[in-house]
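What follows is a single structure, written as structure tokens, with notes after it.
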Amino acid sequence: MIIKKIFVASIVASSFITVIAAQAQDTLTNTDAKEIGRIDGSIQISMSEAEFLKKRAALIIKHSHHDRTFAALQKAMEAEDTLSGKFWRWKIDQYLYGQYTEFQPIYDAYKQGRAFVDIYHMSDDPFIDSAKTAPKHHTLPKGYFSGYLPMNRSPGDSHYRDGKIYIAYEGHLTDPYITSYDVETHKWQGPYKAGHNTLSKNGRKADGHGNPTMQQDNDGYFHITFGGHGGEKEDGLNPLSIDTAHAGGRFTHVVSDQPNDISSFSSKNDVSPFASYAQSVKMPNGDMYFFTRAGTHKSPWIYYKLKNGNTSFEPPVIITWPTPRIDDPIMVDMFYIKTFKTNDTDILVTMMNHLCNFKEIHTSRHDDRFNAYYMRLDTTTDTFYNVKDEQLTLPIIKTTGDKHTLVYDSIKVGTIVNDTLGLKMQNGKPAMSYEIRLPEPRHWKMATFDNGSWTTDQPMPGTTVWTLKDNNGKSINKIFDLQQLTSDSKKATAAVIYRNAKRETVFAIATSNKKIGVVGQDWQVKTDHLVLLGAGMKMKAVRDKKANGIGVVVNISKGKTRRLYLWHDGKIRPRNNF
């Protein structure tokens, strides 16, 4: 059977090679070798189309002997399967460009002076939605500090330093904005626009994937990354991906012009414009790590390191790499990652597997996400290890991930994973959590490592046994989120989002003490601060160096109307200069 599969594969590859060679020869006999390109209005001669296609065909033939992906993409292009032939031609170029670096100087020479439409003869992108009419504005509770948010339900990224809460968020037309709140004077500064986001401009529908990530370095400079969901077509092909830039938006890094000053920012040309989904971790020594996906879905995950004292990132480090499946190369295994600082030197990197495809068919159920993986980045040497402290060779692909870092095999047990996160246990044992999406309802489980093996499907501490009573002493059945703010052995406070008996969504502060029950487990609502029927709420606690919650940023959405709120010291703190 194996010999038969190899024989059939060789026939398919040989047929594809014949087609590619014929296409290149036909172009050689019909294409003028003196192509003219335009750069800034001037005229230059770049690599001719005939020469380009000849070299392109030679590389495809060379690698088709061992890589069946080219034959699968060519077949889809000829059939215009799901996408147009022109779009598939672009996909073939991008796969060759990202997977085999020897093609990059060839393509770059050919692209010189040519716009995207000159090369692929298409301009409209089927994966970028156009904006229609302006969304209806619903009435939200008073006390907000932001204007109307176009798309994102995120509470943004927040940071506390020297008596001020700093909040970066996606504001008007999804541009990044930053504001600060002084906890002593209760005065707001800003908001200030920190950069320009291309993601939702030129008539495009608002896209929340470019949400900003913020850190402040030890010298006081603010660093914000934002704006990416795969890059713009005019940025060319992505050297760090096998996927086309079909979602839009340039990933951007900006730095404040002055330390401890959020009023003005300047761009740094040190990140890939194709990146998206940034996460950041600052270590006690001042080094900062920004983790991001290097492009659209079928892209690796990378990290940028900013050493203490520097204002520009070092070159990216590739953590994972997407791999087309051998039996069906249209299907591609990649990952989603989450990061968690577990101590002064280590960052936990947890992952789930995403089975993607070149046809760009994605389901709203996200039933193509599996498994949970665990590894550790030792920032003293920038080396990755698995849970057994075995050094890992980067990049991680699906097969090596399964062999060295797999924690939970959801395919084996028949579940769908939606998210992962590292955990820090009091007993020091390695641990992580994973969210089960299907079968419903969604729920989190925990895995711990002890005596050389993982124990999975454990209940998450503090999530399955919460009890909450409202101001009238009645039990609350639906708790959406609870984030502990302060605690000791006798009492604790927490921010909570719950649904009351009137089916209203409520943001409240709750207390826990020995009179109520078990501290940290049994809670009593102290004050309801934000109440709205038919609303969605998400929150993020703002913490000081001791991890105490000194504020909470809340995003309230109703329909497509969204605003941000800040709770601090018992009150919602509005910004009144609208």
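The values are calculated or read from the model by the stated rules, or taken from the named source; none is laboratory data. Since the structure is predicted, the reported quantities are computational estimates derived from the model, not experimental observations. As a convention, Cβ positions derive from the backbone with ideal geometry for all residues, glycine included, and neighbour counts pool all protein chains shown. Only protein heavy atoms, including side chains, enter the accessible area calculation; ligands, DNA and RNA are left aside. Shrake-Rupley method; radii C 1.70, N 1.55, O 1.52, S 1.80 Å.
Let me have the relative contact order for the chain, percent, based on Cα pairs under 8 Å that are six or more residues apart.
This gives 10 percent for the chain.
Taking just the alpha carbons, could you work out the radius of gyration and Dmax for region 471-578, both in angstroms?
14.1, 44
By how many nm would the segment from Gln112 to Thr393 grow when fully extended, if each residue of separation counts as 0.36 nm and the alpha-carbon distance is taken off?
Length difference between fully extended and current span is 97.6 nm.
Mean residue ellipticity at 222 nm from the helices of the chain, using -39,500 (n - 2.57) per DSSP H segment of n ≥ 4 over the full residue count, to the nearest 500 deg cm²/dmol?
After summing the helix terms and dividing by the residues of the chain, the value is -5000 deg cm²/dmol.
Could you compute how fast region 40-122 diffuses translationally, taking Rh as the Kirkwood radius over C-alpha pairs and applying Stokes-Einstein at 37 °C with viscosity 0.692 mPa s? Give it in µm² per second.
Approximately 241 µm²/s, per Stokes-Einstein.
If each residue of separation counts as 0.36 nm, what is the full-extension length gain between Lys478 and Gln189 once their alpha-carbon separation is subtracted?
On the way: separation 289, 0.36 × 289 = 104.04 nm, distance 3.63 nm.
Extending this stretch completely gives an extra 100.4 nm.
With angles folded into 0 to 90 degrees, how steeply does helix 49-64 sit against the dominant principal axis of the chain? Use alpha carbons for both and round to 10.
70
Specify which labelled value, from (1) 25.9, 88; (2) 25.2, 83; (3) 27.9, 89, agrees with Rg and Dmax of the Cα atoms in Å derived from the coordinates of the model shown.
Label of the calculated value: (1).
Of all DSSP beta bridges in the chain, what percent run antiparallel (nearest 5)?
Antiparallel: roughly 95 percent of the beta bridges in the chain.
Would you tally the net charge around Arg573, using a Cβ to Cβ cut-off of less than 11 Å, leaving Arg573 out, and scoring K and R as +1, D and E as -1?
Surrounding charge for Arg573 is +1.
With a 1.4 Å probe and all protein chains left in place, how much accessible area per residue does region 431-578 have, in Å²?
On a per-residue basis, 52 Å².
How many percent of the accessible area of region 183-323 is carbon or sulfur, using a 1.4 Å probe?
Answer for region 183-323 is 45 percent, counting heavy atoms of protein chains only.
Find the accessible area per residue for region 296-384; the probe is 1.4 Å, ligands and nucleic acids are left out, and the unit is Å². Write out the running numbers ahead of the final one.
Details: 3120 Å² over 89 residues.
Roughly 35 Å² per residue, with all protein chains present.
Under a Cβ-Cβ cut-off of 11 Å, what is the net charge of the residues other than Lys515 that fall near it, where Lys and Arg count +1 and Asp and Glu count -1? Walk me through the numbers before you get to the answer.
On the way: positive: Lys490, Lys491, Lys514; negative: Asp522.
Once positives and negatives cancel, what remains is +2.
Taking a cut-off of 18 Å between Cα atoms, list the lysines near Lys307, but don't count ones fewer than 8 places away on the same chain.
Candidates past the 8-residue exclusion: Lys268, Lys282, Lys341.
Any lysines with Cα under 21 Å of the Lys55 Cα? List them, leaving off those in the same chain fewer than 8 positions away.
The reachable lysines, counting only those whose Cα sits under 21 Å from Lys55, are Lys34, Lys75, Lys86, Lys91, Lys111.
Over region 382-514, what percent of the accessible surface lies on carbon and sulfur atoms, probe 1.4 Å?
Whole-percent figure for carbon plus sulfur exposure: 47.
Name the aspartates and glutamates eligible as straight-distance cross-link partners of Lys429: C-alpha to C-alpha under 19 Å, and not fewer than 8 places from it in the same chain.
Answer for Lys429, where 19 Å is the Cα cut-off: Asp344, Asp346, Asp378, Asp389, Glu390, Asp450, Asp457, listed by chain and number.
Among Leu482, Tyr303, Trp188, flag the residue with its Cα farthest along the positive direction of the charge dipole of the chain, charges on Cβ as +1 for Lys/Arg and -1 for Asp/Glu.
Result: Leu482, furthest along the dipole toward the positive end.
Treating the angle as unsigned and between 0 and 90°, give the value, to the nearest 10°, between the Cα long axis of helix 69-79 and the longest Cα principal axis of the chain.
80
Provide the net charge surrounding Ile167, with neighbours chosen by a C-beta distance below 13 Å and charges set as Lys +1, Arg +1, Asp -1, Glu -1.
+3
Round to the nearest 10 and give me the degree value, 0 to 90, for the angle of helix 85-99's Cα axis relative to the longest principal axis of the chain.
In the chain, helix 85-99 runs at an angle near 80 degrees to the longest axis.
Give the accessible area for His137 in Å² (nearest 10); use a 1.4 Å probe, count only protein heavy atoms, and leave out ligands, DNA and RNA.
100
Take Asp327 and Tyr100, extend 7 Å from each Cα along the Cα→Cβ direction, and tell me the distance between the two endpoints in nm.
2.7
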